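K.L.:
Quick one: the structure is below, questions incoming.
The values are calculated or read from the model by the stated rules, or taken from the named source; none is laboratory data. All of these numbers come straight from a predicted model, not from anything done at the bench. Don't worry about glycine lacking a Cβ; one is built from the backbone with ideal geometry, like all the others, and counts go over all protein chains shown.
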Amino acid sequence: MSVIVIGSVALDDIETPFGKVEKIVGGAAPFACLAASYFYDKVKLVAIIGANFPKQEIDVWQHHHINTEGLQIDETRQSFYWSGKYHIDMNSRDTLETGLNVLEDFDPIIPASYQDCEFLLLANLAPTTQQTAIKRLHKRPKLIVMDTMNFWMDIALDDLLETIRMVDVLTINDAEARQLSGEYSLVKAAKKILNMGPKYLIIKKGEHGALLFGDDLIFSAPALPLADVFDPTGAGDTFAGGFIGYLAKVGTVNFTNMKNAVIYGSALASFCVEKFGTEKLKNLTEEEIAARVQQFVSLSKFEII
């Protein structure tokens, strides 16, 4: 049994009000894989990089027991590149430059050793690429989690809707939920989106937490107030990795375990934003994670007298 993460790997230039970094590891897959690896030791990566990607970063993943057999390396082209600048509120950003490079025609090859997949995370990619990945697995996983964004709603809505019908859990942010559903109310939006096919929906609200919908139930997870937020890039991918990693650890998929998974995913995401890129995710301890989870529990634990 394994967790497969399929997504992008990038080298990013990022500027926030608290600093600027160049050619730092980004893309959805590294964040998600590292987060999942803290809960489960059979995380397998499917992605592509170019000739300029630093080998020492692959060594970090392997140190976390992340299987990189599915990592394609194109020595003739450069890695996917993104450059962005965050505003003072850290919720909005400007994309300055994007270079698809090796990601432009990425074909997700699933190695034979990956066919034991029971938990599949489709990080943000073209919906047709996500579909291809699902179809290349010989057996349907126990759980398929999918992330997407407004870009695909704008240019590939039909393909996106077809992919959504194939998955169990969809994760999107509040603006994307409103765009996809045409509803302002997130409760109404969730009802419409669940009718599109997934059994569960997670709506991420950034510094305001997350909502989980499914089984005719709603769970609201808080966000942890942090003194220092250096870089929100990858927080959503970290959340998704922690979420699916926790579910793989417990093995049983139900609403109660999903509520816990949302908290664990949120805890990992709260670490992610405290440094640039994946730096904070490289050397966490079990004790740090457990303490952070308890902070989340304390935020919303109360008694009515």
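K.L.:
Could you grab me the full set of residues in segment 239-263 that are among the hydroxyl-bearing types (Ser, Thr, Tyr) and surrounded by fewer than 24 Cβ atoms within 10 Å (Cβ to Cβ)?
P.N.:
252, 256
K.L.:
Please name all residue pairs, on different chains or six or more residues apart, with Cβ atoms under 9 Å, provided the first residue is in segment 164-180 and is within 16 Å of residue 126 (Cα to Cα) and the second residue is part of a loop (DSSP other than H, G, I, E, B) and modelled with pLDDT under 95.
P.N.:
That search, which allows pairs on different chains as well, returns 172/149; 176/149.
K.L.:
Could you list, in sequence order, all residues of segment 94-138 that are free of Cβ contacts under 8 Å to residues at least 12 places away in the same chain and of a type outside the set (Gly, Ala, Ser)? Can you show your working first?
P.N.:
We begin by selecting, within segment 94-138, every residue free of Cβ contacts under 8 Å to residues at least 12 places away in the same chain; these are 94, 104-105, 112, 135.
Residues satisfying the conditions are 94, 104, 105, 135.
K.L.:
Do we have any residue at all in segment 229-238 that's surrounded by 22 or more Cβ atoms within 10 Å (Cβ to Cβ), acidic (Asp, Glu) and not in a loop (DSSP other than H, G, I, E, B)?
P.N.:
yes
K.L.:
Within segment 175-204, work out how many residues are charged (D, E, K, R) and surrounded by fewer than 18 Cβ atoms within 10 Å (Cβ to Cβ).
P.N.:
Final tally of qualifying residues: 5.
K.L.:
Could you tell me which residue of segment 186-222 is farthest from residue 270 (Cα to Cα), considering only residues that are small (Gly, Ala, Ser) and either in a helix (DSSP H, G or I) or out of contact with any strand residue (DSSP E or B) (no Cβ under 8 Å at 6 or more places or on another chain) (or both)?
P.N.:
Ranking the qualifying residues of segment 186-222, first place goes to 197.
K.L.:
Separate question: Which of the residues spanning segment 140-163 are of a type outside the set (A, V, I, L, M), touching a strand residue (DSSP E or B) at 6+ places or on another chain (Cβ under 8 Å) and either farther than 17 Å from residue 8 by Cα or without any contact (Cβ under 8 Å) to a residue 60 or more places away in the chain (or both)?
P.N.:
Hits for segment 140-163 are 141, 142, 148, 163.
K.L.:
Being within 13 Å of residue 296 (Cβ to Cβ) and of a type in the set (A, V, I, L, M) is the filter here, so list the residues in segment 203-250 that pass it.
P.N.:
210, 221, 223, 224, 226
K.L.:
Additional query: Looking for whichever is buried (at least 22 other Cβ atoms within 10 Å of the Cβ) and hydroxyl-bearing (Ser, Thr, Tyr) here; the options are 171, 132. Which one fits?
P.N.:
171
Residue-by-condition table, conditions (1) closer than 22 Å to residue 228 by Cα; (2) touching a residue at least 60 places away in the same chain (Cβ under 8 Å); (3) in contact with a Pro (Cβ under 9 Å, 6 or more places away or on another chain):
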site: 9; (1), (2), (3): no, yes, yes
site: 17; (1), (2), (3): yes, yes, no
site: 21; (1), (2), (3): yes, yes, no
site: 25; (1), (2), (3): yes, yes, yes
site: 33; (1), (2), (3): no, yes, no
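K.L.:
Tell me, please, whether a residue that is under 27 Å from residue 207 (Cα atoms), more than 19 Å from the chain's Cα centre (by Cα) and basic (Lys, Arg) can be found in segment 124-135.
P.N.:
The answer is no, given that none of the residues of segment 124-135 is under 27 Å from residue 207 (Cα atoms), more than 19 Å from the chain's Cα centre (by Cα) and basic (Lys, Arg).
K.L.:
Tell me which of these residue 245 doesn't satisfy, since it passes every other one: (1) in contact with a helix residue (DSSP H, G or I) (Cβ under 8 Å, 6 or more places away or on another chain); (2) of a type outside the set (Ser, Thr, Tyr); (3) farther than 24 Å from residue 2 by Cα.
P.N.:
All conditions are met except number (3).
K.L.:
Tally up the residues in segment 207-228 that are surrounded by 24 or more Cβ atoms within 10 Å (Cβ to Cβ) and aromatic (Phe, Trp, Tyr), please.
P.N.:
Qualifying residue count for the region: 1.
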